[in-house]
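Taking it in order: structure first as structure tokens, then the write-up.
Throughout, read-outs are computed from the coordinates displayed, never taken from laboratory work. All of these numbers come straight from a predicted model, not from anything done at the bench. Cβ placement follows ideal geometry from the backbone for every residue including glycine, while neighbour counts extend to all protein chains displayed.
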């Protein structure tokens, strides 16, 4: 039953995506070109990496609202380590990613050790990490990175944007882990029934801790890609990206109560959102109008799946 | 915590056979509220010792009046969280309602229309959210995340980020005084007391705790859960509307933005005030005290010369510390 409803949701989403692509390419002849589509892939990588990790977190019935702040903190630290402390750039980026990953680990610790609900814990660290980013940066931006650094965010490998390769590899690895490994099955088990998972001898706390750490790591890697793409660091980077990521995950059919969801669904949701954003901006709608549309799409998609599900199971 | 249901209840020493004293009962009923209140008092004493200007009339007015709208909005939020739901769109909603209010005032509508029409709009929008949550079974976090995007995006695309100025002086009620006290302060106290009494003693108020605490038992006792959830969201819109009146009328201009993370501050006020995020417990007195605590912390940091850039980090740390302390306290009492 679960498998069938999953297939239904993703098929529904794929049809919606094809429909959107057809309508948008009919609207503007600049939309369905290889160059534009590859560029869109470039733009969705940061949200994509975060959304893939978020799929696991939400599948356990948790949530991570602090990812945007971790992104901002990591971006600022990359700049500060390199420019102000004189650390070589590769080492600075690695060190910043380590701090971002540690920030995710702290989230996990607060959630598992102190049993603070994930929503509250990550709301609190959202404020804390963003505050740290602001305090460390003192509202100064860091610019003037060496040319080779831009390969990550602005360059190409085999004709495809560098970061799109990273996203693709991350998506495939995550999909395999979630669907076929013991770790993935534990994730679903925790989301379906945490108490039962614990009594089955599964490492509930360990898995959760690892997942929030991974979420921090994904946000930190996204931060370095972000810096490389826009050539600067600012403390407000990534604010609100958690909403984009959660929208993609929920649109992709992951239940906000946990226990259900796939990486494929998340990737489809991500593509749909990016296609709509791009198509609308080509059609002359401003950025704020597209934010509005994403909200409407989120509610309608969940509404549709709620109605389908009810007719299926009850 | 998961194992606590298996453990035997601890044996209470029966040395004291008298009724539990007034203080003991107060601690049991309002423990978290008293902790927050003590934190406020300690903070006031400590900061005043460092910088006596902290308790000047001007600063007290800015602490209480400038943040009363957060306390008023937190009343509605506390009710929503007590039923086991959440609203992350409230900051964006206040921004939208403030713009509507200012536009009406400048367009020459009667002042009371400019004040209260947005309240109705807030109730209507939240009513819709409540229907999606209650009857279509979409989790409130998802609905209000969507509503957040719609309201925020809609506000910026309609206003284009412009400010509303030339507001009529009579419109600016938050700057006025009533019996010598600032209107926002009076509004905050009156609304908190009324809401607290209503939540504690009315059948409706008690039923909200039942909906959040144990929905199945609530259904069994004949409480119409769906209608209560819609009602609680409409109430949330009502308090957001009243909060908007206080927010929109405090300056000569209305910006098309609200303070960053306003919804976070409001949710945190409710939670720190003792409302369990899992639903079923907490009071609106606690949420108002917590809103005052946040305002005091923000002001205190400025008075002890913490750099403005580090302000949010320190506030974040304090919020986290309070959450952790709250969880430790709860684990001990469970």
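A few notes on this one:
- Sole exception among (1) under 21 Å from residue A:246 (Cβ atoms); (2) assigned to a helix (DSSP H, G or I) for residue B:112, by number: (1)
- Filtering the range B:80-138 to residues that are more than 15 Å from residue B:167 (Cβ to Cβ) and touching a strand residue (DSSP E or B) at 6+ places or on another chain (Cβ under 8 Å) leaves nothing.
- Lone qualifier among A:50, A:111, A:120 - being over 16 Å from the mean Cα position of the chain (by Cα) and in contact (Cβ under 8 Å) with a residue 24 or more places away in the chain: A:111
- Going through (1) without any contact (Cβ under 8 Å) to a residue 40 or more places away in the chain; (2) surrounded by 24 or more Cβ atoms within 10 Å (Cβ to Cβ); (3) in a loop (DSSP other than H, G, I, E, B) one by one, residue A:29 falls short only on (2).
- Count of the range A:123-166 residues which are within 30 Å of residue A:258 (Cβ to Cβ) and out of contact with any helix residue (DSSP H, G or I) (no Cβ under 6 Å at 6 or more places or on another chain): 1
- Residues satisfying the stated conditions in the range A:127-145, i.e. more than 7 Å from chain B (Cβ to nearest Cβ) and surrounded by fewer than 24 Cβ atoms within 10 Å (Cβ to Cβ): A:136, A:137, A:140, A:141, A:142, A:143, A:144, A:145
Yes/no per residue for (1) closer than 23 Å to residue A:73 by Cα; (2) in contact (Cβ under 8 Å) with a residue 60 or more places away in the chain; (3) surrounded by 15 or more Cβ atoms within 10 Å (Cβ to Cβ); (4) touching a strand residue (DSSP E or B) at 6+ places or on another chain (Cβ under 8 Å):
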position	(1), (2), (3), (4)
A:149	yes, yes, yes, no
A:167	yes, yes, yes, no
A:175	no, yes, yes, no
A:188	no, yes, yes, no
A:191	no, yes, yes, no
A:199	no, no, no, no
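- Residue among B:185, B:148 that is in contact with a helix residue (DSSP H, G or I) (Cβ under 6 Å, 6 or more places away or on another chain), farther than 30 Å from residue A:251 by Cα and part of a helix (DSSP H, G or I): B:185
- Check on residue A:221, in contact (Cβ under 8 Å) with a residue 60 or more places away in the chain and part of a helix (DSSP H, G or I): yes
- Conditions (1) outside any helix (DSSP H, G or I); (2) within 25 Å of the chain's Cα centre (by Cα); (3) surrounded by fewer than 21 Cβ atoms within 10 Å (Cβ to Cβ); number of the one not met by residue B:138: (3)
- Scanning the range A:249-295 for residues that are over 18 Å from the mean Cα position of the chain (by Cα), more than 8 Å from chain B (Cβ to nearest Cβ), crowded, with 20+ Cβ neighbours inside 10 Å and farther than 17 Å from residue A:41 by Cα yields a count of 0.
- Hits in the range B:299-319 (condition: more than 7 Å from every other protein chain (Cβ to nearest Cβ) and under 19 Å from the mean Cα position of the chain (by Cα)): B:299, B:318
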